[in-house]
1. To check you understand DSSP bridge types, tell me what percent of the beta bridges within the chain (both residues inside) are antiparallel, rounded to 5.
2. Under a straight-distance cross-link criterion of Cα-Cα below 21 Å, which lysines are reachable from residue 29, leaving out those fewer than 8 residues away in the same chain?
3. Determine the shape class of region 65-133: with a ≥ b ≥ c the square roots of the Cα gyration tensor eigenvalues, call it rounded for a/c under 1.5, and otherwise prolate if a/b is greater than b/c, oblate otherwise.
4. Which of (1) 22.3; (2) 18.0; (3) 19.3 is the computed mean projected area of the Cα convex hull in nm² for the structure on display?
5. What does the C-alpha gyration tensor say about the overall shape of region 114-176? Classify as rounded when a/c is under 1.5, otherwise prolate if a/b is larger than b/c, or oblate.
6. So what is the 222 nm mean residue ellipticity for the chain from helices alone, if each DSSP H run of at least 4 adds -39500 (n - 2.57) and you divide by all residues, rounding to the nearest 500 deg cm²/dmol?
7. Using the Cβ atoms and a cut-off under 12 Å, what net charge is assigned to the surroundings of residue 253, where Lys and Arg are +1 and Asp and Glu are -1?
8. Per residue, what accessible area does the chain have, given a 1.4 Å probe and all protein chains present, in Å²?
Amino acid sequence: MQQGEAQATLLPAASASRRHRINLATLPKWLFVIPMVVQWFWLALCHRSLTLPSAINPTITAGGMVGEGKLEYFATMGPLARAATAPFTAIVNDGPAGLPAARTALAAAGLAFPLIAKPDVGWCGFGVRLLRDESDLADYLRRFPLGQRIVLQQFLTQEGEGGLFYVRHPNEPTGRVTALLLRHYPRVVGDGVRSIAALAAGDPRLQRLGRDGLSEPCCDVTRVPTAGEIVRIATIGSTRVGGLYEEATHRITPAMSAAIDAIARDMKDFHLGRFDLRYDSLAALAQGEGFSLIEVNGAGSEAVQAWDPKYSLRQGYGIVFAKQRLIFRLGAVMRQRGHRPIGPRGLIRLHRRQQALIRRYPPSN
């Protein structure tokens, strides 16, 4: 990636006034969730249901809280929503038969390398890999759990990536985009002297890549980039691998919101979630154009804009708490309309299965 390429891939410049030393992104996961769990139990007590938000999107497993498949969202799409989605196909990893089946599926879908491979049941980019050729695909199949479904999607050259949080009240005909997040990929800037590995080692945020044992760089880290050369070191932009989240809700426009609302209303009984997409430019996205969906997440979508380092710990939790209050309110409306939430035991089973699968996926790159 060269210096003149899309500005959206560059990390915003840090400043003491904008970046808080302690924020949600710096907290250990176990510590971060404690206040969320406390509020969740309080809301459950008020609404007389521990799993009420699972009723929000009734055509999706657990409303998209946990354990659902990416293909479930695609299956609810009508022609308009499907046309806005990056081309994809899916296979089940059947061991020795996996590669021939993948070739057949790719040919039928008109897909060509490079591709993005991702688990159907996944979270936070675990198991997502860039496949440059068939040898990468064969390696992915060898390392992927047998009997589990894989989504193969066309790799998009659009450099901008964002997440748009969408809400439609069940009693209203239209919905709107309420938050916009821009993802900035982990990257280093070459100095002509140090290797990619050495450059990354000097950045505490980039040191997260590989630390969990479930991620690795997508490039040759021994290479020495030329001075000023920008090198993306991970395919995904999650904070767990050193990506940076930038809250950009002020950039939402009526045209952008209307475009996402039209897609959401072309999905059966979809009321709340996050649309992850790649876009050509922020100017085009503002016009509701020049973007492709890569996946959809439901009621379990984290209010990831709260991870922007510009927010203090208190501000970040304020955003997260507001989101949890919202999903309980909408779940209550859906319950009044006859949709029953999943039981606590069922939700726990889904969570355990998802976590067990994540530990078996190939590392993301």
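The values are calculated or read from the model by the stated rules, or taken from the named source; none is laboratory data. Here the structure is a predicted model, which is why all the values come from computation and not from measurement. Here Cβ is always computed from backbone atoms with ideal geometry, including for glycine, and neighbour counts include all displayed protein chains. With ligands, DNA and RNA removed, areas are computed over all heavy atoms of the protein, side chains included. Shrake-Rupley method; radii C 1.70, N 1.55, O 1.52, S 1.80 Å.
1. Roughly 95 percent of the beta bridges in the chain run antiparallel, per DSSP.
2. Reachable lysines: 310, 323.
3. Judged from the Cα gyration tensor, region 65-133 comes out oblate (a/c at least 1.5, b/c at or above a/b).
4. (2)
5. Prolate is the answer for region 114-176, as a/c is 1.5 or above and a/b outweighs b/c.
6. It lands at -9500 deg cm²/dmol.
7. Taking every other residue near residue 253 into account, the sum is +1.
8. Accessible area per residue, the chain: 44 Å².
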